[in-house]
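One structure is given below, encoded as structure tokens.
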Amino acid sequence: MSRQLSFTKFEKELLPDFRQKINLAESTEDVKKFYARTSMALFDKAFEGEVPLEFGDIMLQPGQVNKYVISDRLLASPDFTEVWNNSDLPNVLARFTDMALNRMVHLEKHPEKTDSKIRM
């Protein structure tokens with residue numbers, strides 16, 4: 001039986017700041033940026049800097065079956081796939097993804113909030 005790694009500690013560290021940022025987001029593009037930055041921070045902590053990350057490595061995909069996409073470059077890395085397949089990292093990322101997508105739906109349903117902030 002293989003050992004399962006857990007990254008919920010990092011999730012708990014990043015969650016308050018992530019929630020605050022997406023709640024203050026003025027557009028869906030802001031939510032996407034905050035999601036990408038938080039995901040990168042999560043991966044950086046999980047991989048302890050061993051796997052180099054770039055801004056487009058983790059992206060939201062609203063309206064798709066796969067709610068997020070991970071770059072082929074990361075998926076090709078043996079260090080990445082080892083941790084990804086033997087940890088709760090996919091579950092942690094899925095929770096961040098769900099929060100971001102829920103905020104995006106809210107912003108899309110209430111465009112007047114975004115429009116009023118742009119006009120100010």
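The values are calculated or read from the model by the stated rules, or taken from the named source; none is laboratory data. In this text, all values refer to a predicted model and were calculated from it rather than measured experimentally. Please note: Cβ atoms are built from the backbone with ideal geometry, for glycine as well, and neighbour counts cover all protein chains shown.
What are the residue pairs meeting all of these: first residue in the range 27-52, first residue in contact (Cβ under 8 Å) with a residue 40 or more places away in the chain, second residue of a type in the set (Asp, Glu) and surrounded by fewer than 18 Cβ atoms within 10 Å (Cβ to Cβ), Cβ atoms under 7 Å, and 6 or more apart or on different chains?
That search, which allows pairs on different chains as well, returns THR28/GLU108.
For the subset of the range 38-50 comprising residues that are of a type outside the set (Gly, Ala, Ser) and under 25 Å from PRO16 (Cα atoms), which member is surrounded by the fewest Cβ atoms within 10 Å (Cβ to Cβ)?
Looking at the filtered set, the residue picked out is GLU48.
Could you say whether any residue in the range 19-40 is out of contact with any strand residue (DSSP E or B) (no Cβ under 7 Å at 6 or more places or on another chain) and under 14 Å from PHE7 (Cβ atoms)?
yes
Which of the residues belonging to the range 53-102 are within 23 Å of SER27 (Cα to Cα), polar (S, T, N, Q) and free of Cβ contacts under 8 Å to residues at least 12 places away in the same chain?
GLN61, GLN64, ASN66, ASN102 - these are the residues of the range 53-102 that are within 23 Å of SER27 (Cα to Cα), polar (S, T, N, Q) and free of Cβ contacts under 8 Å to residues at least 12 places away in the same chain.
Within the range 64-72, is even one residue touching a Leu at 6+ places or on another chain (Cβ under 6 Å) and crowded, with 17+ Cβ neighbours inside 10 Å?
The answer is yes; a qualifying residue exists.
Considering only helices (runs of 4 or more DSSP H) fully contained in the range 1-91, which possess at least 2 residues that are under 14 Å from the mean Cα position of the chain (by Cα)?
So the answer is 8-24, 28-47.
For ALA100, indicate whether it is surrounded by 12 or more Cβ atoms within 10 Å (Cβ to Cβ) and touching a helix residue (DSSP H, G or I) at 6+ places or on another chain (Cβ under 8 Å).
Yes.
Out of contact with any helix residue (DSSP H, G or I) (no Cβ under 7 Å at 6 or more places or on another chain), among the small types (Gly, Ala, Ser) and at pLDDT below 95, is that true of SER27?
no
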